[in-house]
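Below you'll find the structure, written out as structure tokens, and then a few comments.
Every read-out reported here was derived from the displayed coordinates using simple, explicitly stated rules and does not represent laboratory data. Being a predicted model, the structure only gives us computed values, none of them experimental. Reconstructed Cβ throughout: ideal geometry from the backbone, glycine too, with neighbour counts over all protein chains shown.
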Amino acid sequence: MLMYVVRRLLQAVPVVIGTTFLIYFMVFAMPGDPILAMFGDKTPNQATYDALAAQYHLDQPFLVQYGLYMKDLFSGNLGTTFSGQSVGEVLARTFPVTLKLAAMAIALEFSLAVVLGLFAGLRKGKLFDNVTLVIGLVMLSVPIFVLGFLAQYFVAIKWGWASPTVGSDTSISNMWLPAVVLALSLFTTSMRLMRGTVIDTRSRDFVRTAYAKGLPGRRVIPVHVLRNSLIPVVTNSAANFGVLMVGATVTEGIFNVPGVGNTLYQAIIRGEGPTVVSFVTVMVLAYVVINILVDLLYAVLDPRIRYA
Amino acid sequence: MPKPEHYVAPFDENEMAEVDKVKLNEKPSNLWSDAWRSLRRRPLFYVSLVTVLIIVLMALFPTLFTSVSPTDNCQLANSNGGPTEGHPMGFTRQGCDVYARVVWGARTSLAVGLLATAISGVVGVIMGALAGFYGGWVDSVLSRLGDIFFSIPYILAAVVVMSVLADYRSVWTLAFAIGGFAWASLARILRSEILRVKSGDFVMASIATGRTRFSTLVSHVLPNSITPVIVYLTLSLGGAIVAEATLSFLGVGLPTTVMSWGNDISAAQTSLRTAPMTLIWPSIFLTVTVLAFITLGELVRDALDPKARARG
Amino acid sequence: MTQETTPVTDTAEPLVSIKDLEIGFQTGNGFVQAVKGVSFDIFPGETVAIVGESGSGKSTTATGIIDLLPSNGRITGGQVVFGGKDLTKASKQEIVRIRGREIGYVPQDPMSNLNPVWSVGFQVREAVLANNMAKNKKDADKRAIEVLQEAGLADAERRMKQFPHQFSGGMRQRVLIGIGLAADPKLLIADEPTSALDVTVQRVILDHLESLTREKNTALLLITHDLGLAAERASKVIVMYQGKIVEAGPSLDLLQNPQHPYTKRLIAAAPSLASQRLKSSKVSAVEAPQGDEIDLAAASAHRHEVVEQADHAGTPAIEVKDLTKVFSIRRGSFRSEPFTAVDKVNFQVPRGTTMALVGESGSGKSTVAKMVLGLETATEGEILIGGKDATALNREEMLAHRRRMQPVFQDPYGSLDPMRSIGSIIQEPLDVHKIGDRKERENRVNEVIDEVALPRTVLSRYPNELSGGQRQRIAIARALALKPDVVILDEAVSALDVLVQAQILQLLADLQEELGLTYLFITHDLAVVRVVADDVAVMERGKIVEHGKVEEIFSNAQTEYTQKLLDAIPGANIPLGA
């Protein structure tokens, strides 16, 4: 297990270097003045321009620029936003909110996927299976911002069941609607995966052997079918986090949740290139960390990895 | 215990079949013809296929569906107006016909979706096939590269690319921004499928006949690994259409002058409280299109799954 | 509809009485009847074996007894009377109570029958607790350790915490036997319990199973495809064919005095029994076969006569000198250590003869085959094909080399590209070597399909439409397309049913006679070697431990290992010359 952890962490090193390099490359290796390009149709004033030029060490050769940028990144110096706040400080304020929202959404998504997927798998081809399939596919097809707007319009504005914007009150009761929107946009792939795995696992030899031992179905299903089917669903949730990050950006923007996503959303909307790049970098690094955690969870769930 | 008697069944000469007699069905059967037969039995297949065909027609020949211009004759007097005769879905904030804009918008959304999927398909297939088939250092290098791209959610990557390329936003740059970062999942799927397929004896048999490894990859391994690729591409076509809309919604997609469902939804958000239908109509078209592609993908997956077919 | 198989001459009651059992499956092509009216009794403490080929309904009958059929299977008629109750009409709860407790089950494949995510101890304890064999977890643990020890697992206490993937196949099968017997059932159903294991392990496990069931007076229903094994282990043998019992009786009687033509066919085609008859040099133990029946022993005797006349002088078709293969095996993440899979192997195969390379899994025999085929590079040593070194060839020479030597692999389901039509599969070698024009290639394909005795209509079909034996014929046809001198047969008949296996062996012998082919026959099955090979080399852990003429090795094995392999041939000790 220790070897697995060490190996997994070592694998992350080239990924961290690669992803940051890729982002940096996309921004600064493009032809033309990268700083001007980041501002799009706007023009920064000289002071902003100089500050950015200094922050990104534009007077140095490209690889040196990247090295210095990495050094800054890991010493916590993430630059400043347009309004002059340090990115680090903004992160410290907004990150807990996003974490809370994401935790709510993931908990809901996972329960939905596991429960619905399990029963759809056990009742393959029956009404329940078909209904969850249709609902799932519709949820998968509706873009998250449409889902967000519809929820905001109907649930919050028309029916008044939730507040249309979250604002500064980030309690669970005030954030449930964006969390539900996020969960609904995510659960389909996990649910379908769960369903497929349940169907597959149920026909496995070891399940038949479990019945042959004299175990009743109420023990075989949770202990041998459900337990085994969780492994691929957990593994897949790593990929789901990628979708969650984009979803959180849009949802936080729509519901005005004061989180990282909203900050990125506002920066994108206003065309504040440097802030966008900083926050995307932070999100990608968070995603790398989450991938590691999911892989470790995978090892906990699957003894073939744990005792390899 | 009684001593068992020696029992012999009455023997009927006709009952004993010839050992290993060749029994053939009337129709030759292989994976594709079987899949096609099972697809043809699903009504949902026709529904999604017809939907896709309508959308494709709309994209190719919008004038078949509407004679109203989506951009000319927009009158502010009609701003956010409800349905009237000849304008079944009402008017946008700019006073343009919603139905006409939705019809004309199909082209952009579909173009971005197809292009982005084609790009990620080509890159993903090449990377996954080479990594899976050759293994060793080729696999190590390509898989690490895939890990890097996999670690950047492709919409976030596209946000950065499109922010930088603010002056060059077009269907092409958008398709490259999406497709250029969406290939890693496909490469992973194909790689593991190829690992499975290449362990089959027929691959060894092919090399033993004297085929080169590359020729074996192309003529035997890839054709046998392609089904998850097809399923994935059908599903990701829907994903790419959503990505275009999301990016346009965020204002880093297509220029606002280009008609697309994403741009229309984005433009309508300010009127959400007063004229929700201007947002809902393009959303419905977008959702139905994506739904049709995703459903096709699911059905094809079902039809090609040997386990699902065996159980009938 | 069937006669009473057991006369009521004794007061003893049967433990299980199966009457007119009918089982069917709902498939894509409608409802298919798999078991068509099967009746037999099992008495307490008795061992009964059901023998049959795949599709005979033997496993379906066994799993039907305790309702372990797959979800599309259903009992459509008849009775399973156990303890005065008809199990086909029992409620779910009643069945659950009987499973494990009254009737234990040992499945076929040890690799897939233990849940990979739970420890072995957990899975044994589960069986103990489910059948009320212990009051609490501590007692259950104690009982579980006992069970594993009884099943022959040394070090059971420590092994409890380990997971299935940390066990070898034989060890897992012991665990499964332990689970089957955990609650001291009155009947144990063992469905091909050792077919997935190496022969020597197979023997040890079966011996152990036998002594356990005898000790506890457990009745055993043994399902097997191997007539020799059935006769050796069971007091009563039931032969099933296409869902029906064709013959049943005391094992020795049935083997020495088969009545039903199907049983006769089976006996004539079983390599283990055939080699037994060859050994006693009384080939005519079974009446001469008629029609398409194949007597392996007779066929083998004929083949030997032919090969005797073959040209043994001159350069050997295959000559291997000091062949060595070292793999580097990864240990953990950063270390790797060398592993010698093939260690200085030497042998020669004279033209027109068959040499068998025998060994258990991991012995290195397949690696030798791959190196000879040029699919794996040799670390050291020489491979001479027709006197020409094949280890250092450029691309063009390699192509010429491959033309003279073609393989047939084990898995008839895996060795043909499922996406290609049969015709294009057979034609592929001709295309690759650019032989002749289109017309000539087509003619050659027609020629070889005739040679392997398949109708030309299959050429436009796909592999999934053919049976395992037919696919193996296609693989042979593909190998013959280039008119090679040497054919490497890597476990080429191991996956086939007895009758089909005998057919293919006969085909191979005929082709050898007609075309003067040289075979390198890789197999784990010594019984098959006895009937097909002229020379044999026994491999153990990468080395050839014994090498010589087949008759010599079989009558007078020099090493303990070879003797162990010979003893492990099922039915090796059954007197057949009667």
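Report the one residue of C:Pro107, C:Leu511, C:Gly37 whose Cα lies farthest in the direction of the positive end of the charge dipole of chain C (charges on C-beta: Lys and Arg +1, Asp and Glu -1; origin at the Cα centre). Final value for the positive-end residue is C:Pro107. Quick check on the protein assembly as shown: of the DSSP beta bridges with both residues there, what percent are antiparallel, nearest 5%? Around 60 percent antiparallel, to the nearest 5.
Here A:Lys100 is the anchor, and the lysines within straight C-alpha reach of less than 28 Å, apart from those fewer than 8 places off in the same chain, are A:Lys158. Take the alpha carbon gyration tensor of the stretch B:160-312, find the square roots of its eigenvalues, order them as a ≥ b ≥ c, and report rounded if a/c is under 1.5; if not, report prolate when a/b exceeds b/c, else oblate. Oblate shape, in that a/c is at least 1.5 and b/c is the bigger or equal ratio. Listed by Cβ neighbour count within 10 Å, with the fewest neighbours leading, B:Ser120, B:Ser38 appear as B:Ser38, B:Ser120.
Computed from the Cβ-Cβ distance with R0 of 25 Å, the FRET efficiency linking C:Glu560 to C:Glu210 stands at 0.60. Of the residues A:Gly121, A:Gly273, A:Gly18, the one that moves most in a GNM of chain A with alpha-carbon contacts below 10 Å is A:Gly18.
Give me the net charge of A:Phe145's neighbourhood, meaning all other residues with Cβ under 14 Å from the Cβ of A:Phe145; Lys, Arg count +1, Asp, Glu -1. Net charge in that neighbourhood comes out at -3. The largest-to-smallest principal axis extents of the Cα set in the stretch A:87-255 are 58, 37, 24 Å. Placing unit charges on the Cβ atoms only, positive for Lys and Arg and negative for Asp and Glu, gives the protein assembly as shown a dipole magnitude near 3140 debye about its Cα centre.
Take the alpha carbon gyration tensor of the stretch C:392-497, find the square roots of its eigenvalues, order them as a ≥ b ≥ c, and report rounded if a/c is under 1.5; if not, report prolate when a/b exceeds b/c, else oblate. Judged from the Cα gyration tensor, the stretch C:392-497 comes out oblate (a/c at least 1.5, b/c at or above a/b). Length gained on full extension, A:Leu36 to A:Arg270, computed as 0.36 nm times the residue gap minus the Cα-Cα distance: 82.8 nm. Measure nothing fancy, just the Cα-based angle from helix B:98-134's long axis to the longest principal axis of chain B, in degrees from 0 to 90, nearest 10. Between helix and principal axis, roughly 40 degrees. Here the stretch A:87-255 is assigned +1 on the Cβ of each Lys and Arg and -1 on the Cβ of each Asp and Glu. Its dipole about the Cα centre then comes out at about 940 debye. Computed over chain A, relative contact order equals 25 percent, with contacts defined as Cα pairs under 8 Å that lie 6+ residues apart. Report the charge-dipole magnitude of chain A in Debye, nearest 20, computed about the Cα centre from +1 at each Lys and Arg Cβ and -1 at each Asp and Glu Cβ. Dipole size: approximately 1920 debye. The calculated FRET efficiency for A:Ile17 paired with A:Lys158, based on their beta-carbon distance and R0 = 51 Å, is about 0.55. On alpha-carbon atoms, Rg over Rh for chain B using Kirkwood Rh? Rg/Rh for chain B comes to 1.17.
The distance linking the stretch A:136-207 with the stretch C:457-490 is 54 Å (Cα centroid to Cα centroid, whole angstrom). Taking only alpha carbon atoms, the stretch A:196-308 gives an Rg to Rh ratio of 1.21, where Rh is the Kirkwood radius. For the stretch B:288-304, 3J(HN,Hα) computed residue by residue from phi via the Karplus equation (6.51, -1.76, 1.60; θ = phi - 60°) reads 5, 4, 4, 4, 4, 5, 5, 5, 4, x, 4, 5, 5, 4, 4, 5, 8 Hz, glycine and proline entered as x.
Paramagnetic label reach from A:Arg93 (point 7 Å along Cα→Cβ; backbone nitrogen cut-off under 17 Å): within the stretch A:269-285, residues A:275-276, A:279. Each residue in C:Asp510, C:Asp490 was given a count of other beta-carbon atoms within 10 angstrom of its own, and listing them fewest first yields C:Asp510, C:Asp490.
Note on the protein assembly as shown: helix-only mean residue ellipticity at 222 nm, from DSSP H runs of 4+ residues weighted -39500 (n - 2.57) and normalised by residue number, equals -17500 deg cm²/dmol.
Placing unit charges on each Cβ (+1 for Lys and Arg, -1 for Asp and Glu) gives chain B a dipole about its Cα centre, and among B:Val8, B:Thr270, B:Asn30 the Cα reaching farthest toward its positive end belongs to B:Thr270.
Here the Debye sum runs over all C-alpha atoms of the stretch C:131-260 as equal scatterers in vacuum, and log10 of I(q)/I(0) at q = 0.14 Å⁻¹ comes out as -0.70.
Students often get this wrong, so check it: of C:Lys58/C:Lys264; C:Lys58/C:Lys161; C:Lys89/C:Lys264, which have C-alpha atoms separated by over 29 Å? Where the Cα-Cα span goes over 29 Å, the pairs concerned are C:Lys58/C:Lys161; C:Lys89/C:Lys264.
Placing a pseudo-label 7 Å from each Cα along the Cα-to-Cβ vector at C:Lys135 and C:Glu94 gives an inter-label distance of 3.1 nm.
For B:Asp264, C:Asp198, C:Asp141, B:Asp72, the sequence from fewest to most other C-beta atoms within 10 Å is B:Asp72, C:Asp141, C:Asp198, B:Asp264. Computed over all pairs of different Cα atoms, the Kirkwood value for the hydrodynamic radius of the stretch B:83-206 is 17.1 Å. Remark: the protein assembly as shown projects, on average over all directions, an area of 52.8 nm² (convex hull of Cα atoms). Shape analysis of chain C yields a ratio of the Cα radius of gyration to the Kirkwood radius, Rg/Rh, of 0.99.
Judged by the gyration tensor of its Cα atoms, with axes a ≥ b ≥ c, chain A is oblate; a/c meets the 1.5 cut and b/c is at least as large as a/b.
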